[in-house]
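Reviewing the structure listed below.
The values are calculated or read from the model by the stated rules, or taken from the named source; none is laboratory data. From a predicted model like this one, the values you see are computed outputs, not experimental measurements. All Cβ positions, even for glycine, are placed from backbone atoms using ideal geometry, and neighbour counts span all protein chains on display.
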Amino acid sequence: MGFLWGTATAAYQIEGAASEDGRAPSIWDTFSHTPGKTLNGDTGDVACDHYHRWREDVAAMAELGIDAYRFSISWSRVLPGGELNRKGVDFYSRLVDELLESGIAPVATLYHWDLPQALEDAGGWPERDIAFRFADYAAAIGAELGDRVHTWTTLNEPWCAAFLGYGSGVHAPGRTDRADSLAAAHHLNLGHGLAVRALREVVAPSAQMSVTLNLHHLRGEPEAVRRVDAVANRIFLGPMLGGGYPADLFADTAAITGWSFVREGDEDLIAAPIDFLGVNYYQPSLVVPGDGTPGADGHAAGEGSSFPGCEDIAFLPQEGEHTAMGWVVDASGLEELLLRLHREYPGTPLMVTENGAAFDDELVGGRVADERRIAYLQEHTAAAARAAAAGADLRGYFVWSLLDNFEWSYGYSRRFGVIHVDYATGRRTWKDSAAWYRDFLRTVRGQDQ
Ligand code: PNW
């Protein structure tokens, strides 16, 4: 497998068809339909209607000339009541066939935050049982697609699932209990390890296993950096890459939980070997001792905390250009992050599984002149290349996102796509950045030969 250039999406953000062909509700259906939870009350009911327009979307990917497409599978579409839903599985099976016929490698993520609501009703990620249900789901879908999908990612950004979902509550299911959020993180870790093992039993022996983390690249006061690093990064990196939980994490959060949910043997299960680590990067963070103002972390302020034990640490605004998310544009953070991983976790191949930016795009006369996005992608692909040249074992880079889509609690107000979507009609229009990416890939390939 050579270097993979690609684009990424996620099921709830693009598919729509929320109650079609036997799909059951997920926590994001419930959350987005709860007044006040998403901007303008936006939901993923229709989204980009990718469920019906997938053929057109794959054709666009072929025109872009990407090597690989990173998408996620909706758990509640394929296992709505615990039994395999043939129509739901067939959707992904057709998508995978079309990708392969177009010469595009499918990179499938099992969990991009859309937990079946029935499993949340049974307690959700703070309950241990869910890790085993997740492994059952992995085995079931792996048996269906494993002959054709050779690259698998268990979880997308478990930090967001645990701490935005159960800590600050700005993501589904919108719960705000710090002890629960730490238990959720552990059960996501456990689910990951169990799913890797379950997949290995049913998919091709050569299949690549991975997990994707949104690692926080931290700068600032060293003790603040250490503490945020523990609960944002090493809480996952440690156990998943075989080093177990960091001792400072347990000490820092002792007043919140006694971690009794970590049982003997769990760390061995979580450490199931993976073939590469997926890294999602958008911006660095600047942290210093602070007064614990909620929302000081630059994320929307919920009632709870998205960094348990770090309530007295402030996330400072950073100098420079900002995207429509309010995120600073700083590609040096990506280079430094990749080099840190190379240093601290040697021998773990890396893949940038998401990188991109939302800007206030305007569709004028059939064109979106998104030169700031082009500049962002140029700077970040260059930063990734510098890290690779300095020794990081980088295996791929995926732009977030192929299409404008449902940006979680921001609804449709934030546009990350290289392809513009008119939500009233579903119509797709290439932004200038899509043409840039196509030309960039042609140039890169020319240099490879
Ligand atoms: C990631 N944060 O989300 C997700 O994987 C995508 O689904 C999403 O559309 C994309 O990045 C852009 O936001 C994140 O608060 C959400 O640090 C929040 C954070 C990071 C990533």
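Taking W408, is it closer than 21 Å to A68 by Cβ and buried (at least 23 other Cβ atoms within 10 Å of the Cβ)? No.
Scanning the stretch 412-440 for residues that are within 14 Å of the ligand (Cβ to nearest atom) and either surrounded by fewer than 18 Cβ atoms within 10 Å (Cβ to Cβ) or under 16 Å from the mean Cα position of the chain (by Cα) (or both) gives S413, F416, G417. Pairs linking a residue in the stretch 205-222 that is farther than 10 Å from G278 by Cβ to a residue that is aromatic (F, W, Y) and outside any loop (DSSP other than H, G, I, E, B), with Cβ atoms under 6 Å and 6 or more positions apart or on different chains, are M209/W152.
Which members of the stretch 373-409 meet the condition of being within 16 Å of the ligand (Cβ to nearest atom) and of a type in the set (D, E, K, R)? Within the stretch 373-409, R373, D404, E407 meet the criteria. Do you know which of the residues in the stretch 71-101 that are touching an Asp or Glu at 6+ places or on another chain (Cβ under 8 Å) and among the charged types (D, E, K, R) is farthest from N405 (Cα to Cα)? The selected residue is K87. Taking the criterion of being more than 10 Å from the ligand (Cβ to nearest atom) and part of a strand (DSSP E or B), the residues of the stretch 1-18 that qualify are L4, W5, G6, T7. When the residues of the stretch 19-30 are filtered to those that are in a helix (DSSP H, G or I) and buried (at least 24 other Cβ atoms within 10 Å of the Cβ), the one that is nearest to the ligand (Cβ to nearest atom) is W28. Scanning the stretch 151-176 for residues that are of a type in the set (D, E, K, R), under 15 Å from V231 (Cα atoms) and away from the ligand (no atom under 12 Å from the Cβ) yields a count of 0.
Checked against (1) crowded, with 16+ Cβ neighbours inside 10 Å; (2) modelled with pLDDT of 95 or more, A314 passes all but a single condition, namely (2).
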